[in-house]
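To start, the structure under review is shown below, and the notes come after it.
Only the coordinates and a few stated rules stand behind these numbers; no lab work does. It should be emphasised that the depicted structure is a prediction, and the values quoted were computed from it without experimental measurement. As a convention, Cβ positions derive from the backbone with ideal geometry for all residues, glycine included, and neighbour counts pool all protein chains shown.
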Amino acid sequence: MDDKIVTLDSFYDPMLAEIIRGRLEANGIQCFIADNNAIGANPLYNNALGGVKIKVFEHDIEKCREILAQPEDLNIIEEVASETTTTCPHCNSTNVRYGTATEVKATWFTTFLSFILFSYPIFHARKAWHCFNCHQDFE
């Protein structure tokens, strides 16, 4: 078969490209992702390379567009995302993330002891959920 490989679309979010590739492959379309490794190694290349590209055979373009026009699969993704979201116990916001806590929970004793033992104040970086609406940390 002498069919050309063309770019179906490009995405600046590599995970969205993986989801689209999975939808296409589940419907029998042969495809692959280009530039994913380069952008994964250095996200600053995203603009220079034009994003992560999904490549398909030219004769499959119309079928791909029909598959991607169907909204059923996106509703399932949104339902799973809404079930797994964490809400802030203070304001019930979903604008939260898990990472290094913004509130420092070091006492003067631990700071003094670490300075005496190591000649440098050492703070324990604890992990917690942080709400960007009410600016509170929670477990």
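Close amide H pairs (under 5 Å, H built 1.01 Å from N) link SER93 with CYS88, residues at least 5 positions away or on another chain.
In this label model, GLN30 and PHE112 are separated by 7.3 nm, measuring between points 7 Å along each Cα→Cβ vector.
Under 5 Å between amide hydrogens, built in the peptide plane, is the criterion, and for GLN136 it picks out CYS131 among residues at least 5 positions away or on other chains. Close amide H contacts of ASP9 (hydrogens built in the peptide plane, cut-off under 5 Å, sequence separation of 5 or more or a different chain): ILE54. Rounded to 0.05, the FRET efficiency of the ALA69 and LEU49 pair, given R0 = 41 Å and the Cβ-Cβ distance, is 0.95.
Derived scalar couplings between HN and Hα for region 127-137 equal 9, 7, 7, 10, 9, 8, 8, 9, 6, 10, 9 Hz in order, rounded to whole Hz, by the Karplus curve 6.51 cos²θ - 1.76 cosθ + 1.60 (θ = phi - 60°), x for Gly and Pro.
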